[in-house]
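First up is the structure itself, then whatever we jot down about it.
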Amino acid sequence: MGLVTTASTTFTEPYNLARQFKALEVISHGRAGWNAVTTSDPAAAANFGATIPPRAEKYERAHGVIQIVQGLWGSWERDAWLLDVDGKRFADMDKIQLVNLQGKHAASRGPLPIPPSEQGQPVIFQAGGGSYGLELAGRYASGVYANPYTIEDARAQRQTLRDAAKRAGRDPDEVKMLAGFMPTIAPSRQAALQRRRFLDEVVDLNQRVRYLGAMIGLPLGPAQLDEPLTADQLADATPSPHDPRSARALEVAREGWTLRDVLAHGVIDYHPVVAGTAADAADHMQQWFEAGACDGFSIAIDSYHDGFDSFVDQVVPLLQERGLFHDDYEGPTLRENLGAHEQYGLDPRLTKPARS
C-alpha cells in the first residue's frame, strides 16, 4: 500500500515539506506520495496570518517549491548511505551535497539530512483545476486526482493532461489520471438508495434541494422534498448548460422519484455516484477504464465504517475476475505499483521554464 498525503505549497516552506515527506518515505520503505496542492480557502490562509495570493503568483510559487523539494530529496547520491559500523562511517559525506536553490518565492541551502529510500523519493500527485493546475500536473505529477462527471468530459481532461505532460518534455504515459467515483454498495439498488437516504439525514437537504432546483431551472424548496416534480414542472425544467451534472439530475427526476430520492441518486455530488450492487460499481469502472476515460479511480466511499470493506470484499474480486485489477502487488514500493517513472532529485528533462 502507498500513503499519499496532501500538503500545500502556498504556506509551507520547501525544506519542511521535503523533510516531512522524506522521513515518511524512509520509515515506510518507499511507499509515500505527496499530493502537492495550492491553498485557495481564505480561512485556511488566515491560520498563517496571510491572505491568498493572486492565482498566477500562487502557482509560480508552487513550481518553485516543488523543484526545491525535489532537489532536496536528491541531495544524497543514491549510494551515499554506507552504514559501515566497523569503519565508523554512517555516510560518504562527499556524496551529500548542498542544493543552493533560489527561486522568486522560496529557497533552500540544503542538504536534507535523510538518505534515499527504496524508491528514491516520494511520488508526486496533484489535484487542482484550471490551466495553472494542469501545467503543474503535467510537469511534475505521476498521479492526478480529477473530477469529470461524464466519460466524454473525462476523455477530454485526460487528453489535455497528457498534452501538458508532452509539452513539458515528459512521456504522457507517465501521468495517470484518477477519476473520482462515489460507490454505495448494497445487495440491491433499492437497498443502496435506502442507505444513501439514511446517510443524507446528516446533511442539509433543504439547501441541497434548492441547489437541485438551480441545476434544472426550477424554484424548488423543502416543502416538495418528499414529492416528485409535477407535470408542469417537468415541462418547464431545463438542465443548466454550466453544470455537467444537470442533465443526469433531470433524467432521474423524469423517472418519477421524489426529490429526496433524486438527491439520493447522487445527482449533485461532485463525482459520479453508483448506488447499487457490487456488479453495478464494477460495470461503471470497467466502462470508464475501457473507454479511455481514466487510468484509475479515486474512490470516495460513502461511509468509512463499512464502505471500504464492502468495496474491497465485493467489487475488487469482480474486477480481478474481469482482468482489470491485479491479483498481487508489482513490487514493494508505491512507485512500482503505480507504474510511475523512475526519478531521483530534479527531473533533468524539464528544461523549459514553467509559465509564471
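The values are calculated or read from the model by the stated rules, or taken from the named source; none is laboratory data. Since this is a predicted model, take the numbers as computed values, not measurements. As a convention, Cβ positions derive from the backbone with ideal geometry for all residues, glycine included, and neighbour counts pool all protein chains shown. Surface accessibility is based on the protein's heavy atoms, side chains included, excluding ligands, DNA and RNA. Shrake-Rupley method; radii C 1.70, N 1.55, O 1.52, S 1.80 Å.
Overview of results
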quantity	calculated
Near pairs, Cβ below 6 angstrom, 6+ apart or cross-chain, from the range 179-206 (surrounded by 14 or more Cβ atoms within 10 Å (Cβ to Cβ)) to any residue that is modelled with pLDDT of 95 or more and among the hydroxyl-bearing types (Ser, Thr, Tyr)	GLY180/SER298; ILE185/SER310; ALA192/THR184; ARG195/THR184; ARG196/THR184
Near pairs, Cβ below 6 angstrom, 6+ apart or cross-chain, from the range 52-72 (open to solvent by 20 Å² or more (accessible area, probe 1.4 Å)) to any residue that is aliphatic (A, V, I, L, M)	ILE52/ALA45; GLY64/ALA106
Spans of helices (runs of 4 or more DSSP H) in the range 268-356 with at least 1 residues at pLDDT below 95 and buried (at least 17 other Cβ atoms within 10 Å of the Cβ)	307-310, 334-338
Filter result (closer than 13 Å to PHE289 by Cβ and either acidic (Asp, Glu) or in contact with a helix residue (DSSP H, G or I) (Cβ under 8 Å, 6 or more places away or on another chain) (or both)) within the range 319-329	LEU319, ARG322, LEU324, PHE325
Of the criteria (1) within 18 Å of VAL65 (Cβ to Cβ); (2) modelled with pLDDT of 95 or more, which one TYR145 fails	(1)
Matching residues, the range 109-120, being farther than 26 Å from GLY2 by Cβ and either outside any loop (DSSP other than H, G, I, E, B) or touching a Lys or Arg at 6+ places or on another chain (Cβ under 7 Å) (or both)	none
Hits in the range 15-70 - residues which are under 22 Å from the mean Cα position of the chain (by Cα), among the charged types (D, E, K, R) and either under 21 Å from GLY339 (Cα atoms) or in a helix (DSSP H, G or I) (or both)	LYS22, GLU25, ARG31, ARG55, LYS58, GLU60, ARG61
